[in-house]
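The values are calculated or read from the model by the stated rules, or taken from the named source; none is laboratory data. As the structure is a computational prediction, the values presented were derived from the model and not from experiment. Quick reminder, even Gly has a Cβ in these numbers, built from the backbone with ideal geometry, and neighbours come from all protein chains shown.
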Amino acid sequence: MALPQQTVYWLILQIVVLGVFVAGLAANVAFWLRGSIHPGVQVSAWTKICIILAGMRAVLRPRVLGKVLLDALFQRRLFGLSPLRWLAHFGVFWGMIALFLVGSVGLMLAEKGLVPITRDTPWFALLNEVAGLMVIFAALVAVYRRFVARERQLKTAADDVVLIVLLAFIVLSGYGLEAARLATFQVAPAAASYSFVGYAVSMALRSSDPSLAHQVLWWLHAGSGMAFVAYVPYSKLFHMFAGPVAIAANTAIAERLPVRSADKPLSSLMPKPVARPAEPSVRVWEGR
């Protein structure tokens, strides 16, 4: 019997989800490119892209790169504004990236024989468990901020509830799936113990037949993961992943078009002569 991920239906579902994701991503990029780099200066979207790409070389300089990494990947400025908000963002951002790169891409490469790992490779299993706990902890922080502390600046909408529930469901169904797999295939405790959350749950399943639960949980986990991928570009959560790109783009623009630069006038970067304004005002969107 073919595994679900090997069926034609599963392939079609992946293509549909990817199409929905790309459409949402394209809509966001088109919205960003409607902004102006300098007030009163209208240039094509292609010119804006060229300016950003040209400035990316400056971003790679050690002086600039360190700042970009701190602000974009470790969200330093957000920590200064609100440690609780930083915890929620940091946990979801790095937790989901780790689950995607290791749990999804890593397993796909392993199944093709491109990397020498299995689901029970110690570092692989341990990283998946920790990443899942990061997302759960971040979701709990979000629940606390919105429904317990009721921070004044937060306006909770249906989208917020959907995201919190979806994130929690993806991780919890993943732990359940891992537990059912360990119980179904009777993985030795020495190997299973690295998946410490799934292993603890699997102990309760070993006395029964967990094979049906394994199949059901596979579809629930995979389906919720696909729903998350398709939904992200249309949700509030998109700014969390797009923020690092926006910060890098803003830095590139600032390095390419310095505010007080006598040797790099704006006209030298445009397809036709334009007046050089004194101050830039509109920047690439940095998220909510």
Problem set entry | Among (1) touching a residue at least 40 places away in the same chain (Cβ under 8 Å); (2) on the phi > 0 side of the Ramachandran plot, the one test that G174 misses | (2)
Exercise. Pairs, please: C-beta under 6 Å, at least 6 apart or cross-chain, first residue over 19 Å from L99 (Cα atoms) and in region 183-195, second in a helix (DSSP H, G or I) and not hydroxyl-bearing (S, T, Y)?
Worked result: T184/H214
Exercise. So which helices (runs of 4 or more DSSP H) are wholly in region 110-220 and hold at least 1 residues that are at pLDDT 95 or above?
Worked result: 122-143, 158-184
Seminar exercise, completed: By residue number, the members of region 71-114 that are surrounded by 15 or more Cβ atoms within 10 Å (Cβ to Cβ) and without any contact (Cβ under 8 Å) to a residue 24 or more places away in the chain are F74, L78, F79, W86, F100, G106, L107, A110
Exercise. List pairs: first in region 206-231 and crowded, with 17+ Cβ neighbours inside 10 Å, second in a helix (DSSP H, G or I) and of a type in the set (D, E, K, R), Cβ under 7 Å, 6+ apart or cross-chain?
Worked result: H214/R181
Problem set entry | When residues of region 36-70 are limited to those that are modelled with pLDDT of 75 or more, among the small types (G, A, S) and in a helix (DSSP H, G or I), the one surrounded by the most Cβ atoms within 10 Å (Cβ to Cβ) | A45
For this session: Select from region 188-201 the residues that are under 18 Å from H214 (Cα atoms) and more than 31 Å from the chain's Cα centre (by Cα) and list them in ascending order.
Result: A188
Seminar exercise, completed: Within region 110-162, of all residues that are under 21 Å from the mean Cα position of the chain (by Cα) and of a type in the set (F, W, Y), the one nearest to F93 (Cα to Cα) is F137
For this session: Please specify each residue of region 100-117 satisfying the condition of being in contact with a Leu (Cβ under 9 Å, 6 or more places away or on another chain) and not small (G, A, S).
Result: V102, M108, V115, I117
Problem set entry | Residue check, W46 without any contact (Cβ under 8 Å) to a residue 12 or more places away in the chain and touching a helix residue (DSSP H, G or I) at 6+ places or on another chain (Cβ under 8 Å) | no
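Going through region 49-79 one residue at a time, which ones are small (G, A, S) and within 23 Å of A139 (Cβ to Cβ)? So that I can check it myself, show each step before the final result.
First, the residues of region 49-79 that are small (G, A, S): 54-55, 58, 66, 72.
Once the filter is applied, which keeps residues that are small (G, A, S) and within 23 Å of A139 (Cβ to Cβ), region 49-79 yields only A72.
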